[in-house]
Amino acid sequence: MFNNPNKYMYDARGTQQRSWGKDLTGSVMYTFDEFGFRNFNDYQRTPDYVFFGCSLLFGIGVEKSKVFTNKFNCWNFGLAGKYNEAQVLDCYKRFKSLDIDCKVVFVWRSRDSLPNSDLFGDDKIYHCLPYRSQSKKHIRLLQNIDHDVSGTHWGEKTHAKFGKILCYFLK
């Protein structure tokens with residue numbers, strides 16, 4: 001496995017936090033694994049999907065069991081708090097070195113955050129974007145149906161609906 005390139009998340013490895021990123025409510029427990037990621041991943045199982053991206057993917061303000069990636073046999077490398085897209089891409093590069101054959105899904109937070117990269121031409125990579133795209137490998141992110149406990153991100157209903165959409169799209 002690999003360590004989280006985001007210093008703040010890596011420094012939280014092996015801990016539980018009552019607030020993270022924009023969620024300052026203390027309502028959700030964030031548990032970090034030994035590599036500095038929110039503890040979604042069963043590294044003993046080979047994933048069918050691997051997710052990389054932003055705080056929507058991390059699940060800010062949402063209990064771990066309600067995050068949309070729970071519908072998949074996957075690893076979730078969502079970043080949240082103080083991070084940048086270069087760190088998202090660094091996670092992907094570190095994962096690629098593991099040479100695991102699976103589908104990859106990126107969740108991008110804004111049009112401005114998209115990297116200038118050859119990632120958009122790879123047939124095994126899907127992109128969740130905040131706008132419509134003509135590509136068959138792109139999925140448009142949802143507008144909030146509800147909000148998380150902090151009022152800043154997707155809530156449980158939005159995660160549930162997006163999970164259903166992804167299940168249909170990715171299978």
Of the chain, which part is the longest with no chymotrypsin sites (Phe, Trp or Tyr not before Pro) in a loop (DSSP not H, G, I, E, B) and with at most 16 other C-beta atoms within 10 angstrom? 44-130
FRET efficiency for Lys157 and Ser110, Cβ-Cβ distance as r, R0 = 25 Å, nearest 0.05? 0.65
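Kindly provide the helix-only [θ] at 222 nm of the chain, computed as the sum of -39,500 (n - 2.57) over DSSP H runs of four or more divided by all residues, to the nearest 500 deg cm²/dmol?
-6000 deg cm²/dmol
Starting from the range 27-113, pick out the trypsin sites (Lys or Arg not before Pro) whose DSSP state is loop and whose Cβ has at most 10 other Cβ atoms within 10 Å.
In loop regions of the range 27-113 (DSSP not H, G, I, E or B), the sparsely surrounded trypsin sites (Lys or Arg not before Pro) are Arg45.
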Regarding the chain, what is the average projected area of its C-alpha convex hull, in nm²? 9.0
Quick one: the Cα spread of the range 40-126 along its three principal axes, in angstroms, biggest first? 33, 30, 18
Point-to-point label distance, Arg45-Asn84, nm (Cα→Cβ direction, 7 Å offset): 3.6
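Every read-out reported here was derived from the displayed coordinates using simple, explicitly stated rules and does not represent laboratory data. This is a predicted model, so every value here is computed, not measured. Every residue, glycine as well, gets a Cβ built from its backbone with ideal geometry; the counts of neighbours run over all protein chains shown.
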